[in-house]
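Chemist: Take this structure first; my questions come after.
The values are calculated or read from the model by the stated rules, or taken from the named source; none is laboratory data. Just so it is clear, the model here is predicted, and its values are computed rather than measured. Here the Cβ positions follow ideal geometry from the backbone for every residue, glycine too, while neighbour counts run over all protein chains shown.
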Amino acid sequence: MTFVPFLIIPLILYNVFAFAFLGDGADPWSQTLLSINMVSGTEFKLSLGATLTLVALLLLFFEVLKSTRIGTITIWDHMLSTFVFVAYLLEFVLVAEAATDLFFVLTAIALVDLLAGFAVSLRTATRDVAIGGGDF
């Protein structure tokens, strides 16, 4: 389970809400989940779309932490992260319900995950390579 990309969770959640509610003409992402009166007198509203973005960013943090591991499981993790990004990209381009600004941001988060995962792994791998055979 540790090599399953966490960013598949926002993809699944988006599709559940998009196909359940967007077909009705309603926009589920603008629904307010939380409303708090601020000291300034204004009202803070947290929408479903912003919550999904926050969840994706939190999962991105854990994905970056996972990419610091060393071993063959990391290769599988990167391959699956690539597949998840391709799924985001294809759905964004081909599916009408995914042509939203929220889904575009989720796709960008998946791209950052993919690039950061490779960058961290490459950086970690270069530190493990010993050049030369002598003791210093």
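Chemist: Going through PHE118, PHE92 one at a time, which residue ends up being of a type in the set (A, V, I, L, M, F, W, C), modelled with pLDDT under 90, in a helix (DSSP H, G or I) and surrounded by 14 or more Cβ atoms within 10 Å (Cβ to Cβ)?
Modeler: PHE118
Chemist: OK, next. Looking only at segment 22-58, count how many residues are under 20 Å from LEU94 (Cβ atoms) and surrounded by 13 or more Cβ atoms within 10 Å (Cβ to Cβ).
Modeler: Within segment 22-58, residues that are under 20 Å from LEU94 (Cβ atoms) and surrounded by 13 or more Cβ atoms within 10 Å (Cβ to Cβ) number 2.
Chemist: Inside segment 63-72, can you point out the residues that are exposed (fewer than 12 other Cβ atoms within 10 Å of the Cβ) and either at pLDDT 90 or above or assigned to a helix (DSSP H, G or I) (or both)?
Modeler: LEU65, THR72
Chemist: In addition: Pull out all pairs, ordered by first then second residue, where Cβ-Cβ is under 9 Å, the residues are six or more apart or on different chains, the first lies in segment 30-41 and is assigned to a loop (DSSP other than H, G, I, E, B), and the second is surrounded by 11 or more Cβ atoms within 10 Å (Cβ to Cβ) and modelled with pLDDT under 90.
Modeler: GLN31/PHE21
Chemist: So, in segment 69-87, how many residues would count as being touching a Pro at 6+ places or on another chain (Cβ under 9 Å) and closer than 16 Å to ALA18 by Cβ?
Modeler: Adding up the residues that qualify gives 0.
Chemist: Within the set of pairs 6 or more residues apart or between chains, which connect a residue that is at negative phi inside segment 53-64 to a residue that is small (Gly, Ala, Ser) and surrounded by 15 or more Cβ atoms within 10 Å (Cβ to Cβ) with Cβ atoms less than 9 Å apart?
Modeler: Pairs found: ALA56/ALA110; LEU60/ALA110; LEU60/ALA116; GLU63/SER81; GLU63/ALA116; GLU63/GLY117; VAL64/ALA116; VAL64/GLY117.
Chemist: Next up: Scan segment 66-82 for residues that are of a type in the set (A, V, I, L, M, F, W, C) and in contact (Cβ under 8 Å) with a residue 24 or more places away in the chain and jot them down.
Modeler: ILE70, ILE73, TRP76, LEU80
Chemist: THR82 is checked against (1) over 30 Å from THR124 (Cβ atoms); (2) in a helix (DSSP H, G or I) and fails just one. What number does that condition carry?
Modeler: All conditions pass for THR82, except number (1).
Chemist: Quick one: in segment 1-21, which of the residues that are modelled with pLDDT of 90 or more and in contact with an Asp or Glu (Cβ under 6 Å, 6 or more places away or on another chain) is surrounded by the fewest Cβ atoms within 10 Å (Cβ to Cβ)?
Modeler: Per the criteria, the residue is PHE6.
Chemist: Could I ask something else about it? With the structure loaded, tell me whether LEU33 is at negative phi and at pLDDT 95 or above or whether it fails that test.
Modeler: no
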